[in-house]
Amino acid sequence: MAAFVTDLFRRLWRWTKRICIGLFILQFLYILLLKWVPPPTTFTMLQNRVSAWQDGAPFHYQWVSYDQISPYAKLAVMAGEDQLFPDHNGFDFKSIEKAWKHNQHNRSLRGASTISQQVARNVFLWQGRNWIRKAIEVYFTFMIEKIWGKRRILEMYLNVAQMGPHVFGIQAAAEVYFHKPASRLTREEAAMIAAVLPNPVRFRVNPPSSFTRWRQQYLLQQMRNLEGDEDIEALIRK
């Protein structure tokens, strides 16, 4: 009997290892594939598609290549979401430390996710706050930084980030809010879209709230401050 149980555990262990190795290879190949191919969908998009269908509302999403996106849109999201994006390796440890200290003493939680972390979460994972998801997010952030590079990460962010109720990506946002392609967005329009990114369901581009207009003006100032930075200029002009 003991020999049978031992043999059973050995077989289970072998199959567990094979499954884990297989899953690792599959996810690695998927990350590699997405370096060149748009993702078919994301968990957040799927949830929103269902929600839009239930509400009888249209769902807006259209992939657009990096060179068809206005430089102002690239600059605006970096100004609002991650000003050190060209320089870090996926994590802004100073912001993480500040957010951790803030969250220890405040009910309102402050995030410190870089654009790379947001892409890892949006493309591969689900929304929510728990340590398991956060740990997996760290892994995917590390992988896309090593495999994709900054240009692809920013391109992915601008295409999969939610930018309004049932609106995903800069092309859809440009068409829905300003009736033009993403390539023709002005500085002010790009800043207005970026202004709602912290909470694209609560904050609206059209009609904008007083807070959204204030944040747009703040981002316009931050964009002016970032212009002239060699790393940022090189990234948005590629």
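Each value in this text was obtained by applying a stated rule to the coordinates, not by laboratory testing. The shown structure was predicted, so the numbers you read here are calculated from the model rather than taken from an experiment. Here the Cβ positions follow ideal geometry from the backbone for every residue, glycine too, while neighbour counts run over all protein chains shown.
Would you mind checking the tilt of helix 150-160 against the longest principal axis of the Cα atoms of the chain, expressed as 0 to 90 degrees and rounded to 10?
Taking the Cα atoms of the chain, the angle to 150-160 is about 80 degrees.
Can you give me the Cα centroid spacing of the stretch 40-82 and the stretch 152-219 in angstrom?
After rounding, the separation between the Cα centres reads 9 Å.
Please give the FRET efficiency for CYS20 paired with GLN62, using the beta carbon to beta carbon distance and R0 = 45 Å, rounded to the nearest 0.05. Can you show the working numbers first?
Working: r = 37 Å, r/R0 = 0.82.
After rounding, the FRET efficiency stands at 0.75.
Sequence gap at least 6, Cα distance under 8 Å: using those rules, report the relative contact order of the stretch 34-236 to the nearest whole percent.
That works out to 28 percent.
Using the beta-carbon distance between PHE93 and ARG10 and R0 = 35 Å, what value does 1/(1 + (r/R0)^6) give for FRET efficiency, to the nearest 0.05?
According to the calculation, E is roughly 0.20.
Between TRP126 and VAL201, with labels modelled 7 Å along Cα→Cβ, what's the label distance in nm to one decimal, could you check?
So the two model labels end up 1.4 nm from each other.
If amide hydrogens are placed 1.01 Å from N in the peptide plane, which non-local residues have theirs closer than 5 Å to the one on ASP92?
Those lying under 5 Å, H to H, from ASP92 are THR114.
Just to be sure I understand: with springs between alpha-carbon atoms less than 10 Å apart, which residue in LEU29, LEU158, LEU84 has the highest mean-square fluctuation in the Gaussian network model of the chain?
LEU29
Taking 7 Å along the Cα-to-C-beta vector as the label spot, tell me the THR186-VAL37 distance in nanometres, rounded to one decimal.
It is 4.0 nm.
Quick check on the exposure proxy: order MET156, MET223 from fewest to most C-beta atoms within 10 angstrom.
With the sparsest Cβ surroundings first, the list reads MET223, MET156.
Quick one: LEU220, LEU23, fewest Cβ neighbours within 10 Å first, how do they rank?
LEU23, LEU220
Can you tell me which of ARG151, ARG224, ARG121 moves the most in a GNM of the chain? Springs connect C-alpha atoms under 10 Å apart.
Of ARG151, ARG224, ARG121, the Gaussian network model singles out ARG224 as fluctuating most.
Please give the helix 43-55 orientation as an angle from the longest Cα principal axis of the chain, in degrees from 0 to 90, rounded to the nearest 10.
That helix lies at roughly 70 degrees to the long axis.
Of SER209, SER113, SER183, which has the largest mean-square fluctuation in a 10 Å C-alpha GNM of the chain?
Fluctuation is largest for SER209.
Cut-off is 10 Å between beta-carbons; in what order do ILE25, ILE236 appear when sorted fewest neighbours first?
Working: ILE25 10, ILE236 23.
By the 10 Å Cβ count, ascending: ILE25, ILE236.
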